[in-house]
1. Kindly provide the set of residues from the range 1-40 that are out of contact with any helix residue (DSSP H, G or I) (no Cβ under 9 Å at 6 or more places or on another chain) and acidic (D, E), ordered by number.
2. Inspect all residues belonging to the range 78-93 and state whether any of them is modelled with pLDDT of 95 or more, within 15 Å of ligand 1 (Cβ to nearest atom) and among the acidic types (D, E).
3. When you scan the range 241-264, do you find a residue that is closer than 23 Å to K120 by Cβ and in contact with a Cys (Cβ under 9 Å, 6 or more places away or on another chain), even just one?
4. Restricting attention to strands (runs of 3 or more DSSP E) lying wholly within the range 191-247, give those where 1 or more residues are farther than 18 Å from L170 by Cα.
5. Could you check the range 190-210 and list, in sequence order, the residues that are more than 23 Å from F265 (Cα to Cα) and either open to solvent by 40 Å² or more (accessible area, probe 1.4 Å) or not β-branched (V, I, T) (or both)?
6. Select from the range 117-129 the residues that are within 30 Å of G195 (Cβ to Cβ) and touching a strand residue (DSSP E or B) at 6+ places or on another chain (Cβ under 6 Å) and list them in ascending order.
7. For the range 8-65, give me each residue that is of a type in the set (D, E, K, R), open to solvent by less than 40 Å² (accessible area, probe 1.4 Å) and within 30 Å of I237 (Cβ to Cβ).
8. Could you list all residues from the range 198-207 that are over 15 Å from Q74 (Cβ atoms) and either more than 14 Å from ligand 1 (Cβ to nearest atom) or among the small types (G, A, S) (or both)?
Amino acid sequence: MIKIKTPEEIELMRESALVVSKTLGMLASEIKPGVNALYLDTLAQEFIREQGAEPGFLGMYDFPNTLNMSPNAQVVHGIPTKDPLKDGDIISVDCGALKNGFYGDHAYTFEVGEVAPEIKKLLRITKESLYLGIREFKTNNRVGDVAYAIQNYCESHGYGVVRELVGHGLGTKLHEGPEMPNYGKRGRGKKFAEGLVVAIEPMINKGTKRIKQLKDGWTILTADGQPSAHFEHNVAIVNGKPELLSTFQYIYEALGIKSNEEDEFRQEKIKL
Ligand code: MG
Ligand code: MG
């Protein structure tokens with residue numbers, strides 16, 4: 001179901017988005033070779049609760065942890081383990097939180113130590129495709145306009161765009177309408193309206209778009225074993241234009257990265 005948000009509800013959703021953004025920022029300085037995902041998961045759980053929020057994924061559909069942590073060939077929905085991260089790995093971290101009755105849902109693919117140039121490129125292109133998609137999220141555009149922008153850019157680099165998993169509307173439920181696929185045709189699908197809030201989240205594979213699922217019933221990985229990247233932002237339509245509610249700036253601050261990639265999507269100044 002699609003539920004349009006009032007300006008007051010969007011402000012509450014900004015708070016929820018900031019909880020998950022700060023959580024990924026906290027994790028950014030902890031992710032390094034030798035650390036394990038289960039340890040990072042316990043840090044995130046405490047950190048979310050300290051901010052007056054509840055972990056959004058813990059127990060949802062019986063998921064056992066706070067974070068989805070998907071290293072290397074895992075696409076999404078990985079279950080945190082005690083396996084230490086290795087130099088050259090990547091790990092996609094997806095974080096949900098519930099505050100004031102609204103969900104934040106945010107993901108970033110981190111580099112562990114020194115990562116090969118062709119994998120760095122996969123991360124860069126996937127993140128750039130996220131912003132190309134966000135730019136199309138405005139009144140009178142349609143789901144297909146966002147989807148096409150992401151698909152076209154990633155496929156032009158030879159990457160596989162995952163079909164089976166999609167972005168979504170966001171609000172008092174983690175998954176609301178509309179579905180926001182990362183592939184599609186311009187001018188097709190539901191029309192966007194003022195006050196709509198969605199999670200846009202390209203899941204992009206270095207090789208084939210095909211995926212498989214582990215017997216744990218959760219972990220999705222690439223069919224060819226090549227790496228996969230995942231970046232997710234929460235975006236509202238405000239004054240007809242895309243307004244970012246989540247931010248990667250806490251991550252960049254922790255990693256010492258300077259970036260103005262979010263500036264054009266920020267009508268409201270956030271205080272770091
Ligand atoms: Mg997510
Ligand atoms: Mg999501």
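1. Listed by number, the residues that qualify are E8, E9, E11, E15.
2. So far as the range 78-93 goes, no, none of its residues is modelled with pLDDT of 95 or more, within 15 Å of ligand 1 (Cβ to nearest atom) and among the acidic types (D, E).
3. no
4. Filter on the range 191-247 gives 203-205, 211-213, 220-222, 228-230.
5. Our first condition is that a residue be more than 23 Å from F265 (Cα to Cα); within the range 190-210, this holds for 205-210.
Scanning the range 190-210 gives N205, K206, G207, K209, R210.
6. Matches in the range 117-129: T126 only.
7. Narrowing the range 8-65 to residues of a type in the set (D, E, K, R): 8-9, 11, 14-15, 22, 30, 32, 41, 46, 49-50, 54, 62.
From what is left, the residues that are open to solvent by less than 40 Å² (accessible area, probe 1.4 Å) are 14, 41.
R14, the sole residue that qualifies.
8. Residue satisfying the conditions is A199 alone.
The values are calculated or read from the model by the stated rules, or taken from the named source; none is laboratory data. Quick caveat, the model's predicted, so the values are computed rather than measured. Every residue, glycine among them, receives a Cβ derived from its backbone with ideal geometry; neighbour counts consider all protein chains shown. All accessible areas refer to the heavy atoms of the entire protein, side chains included, with ligands and DNA or RNA removed. Shrake-Rupley method; radii C 1.70, N 1.55, O 1.52, S 1.80 Å.
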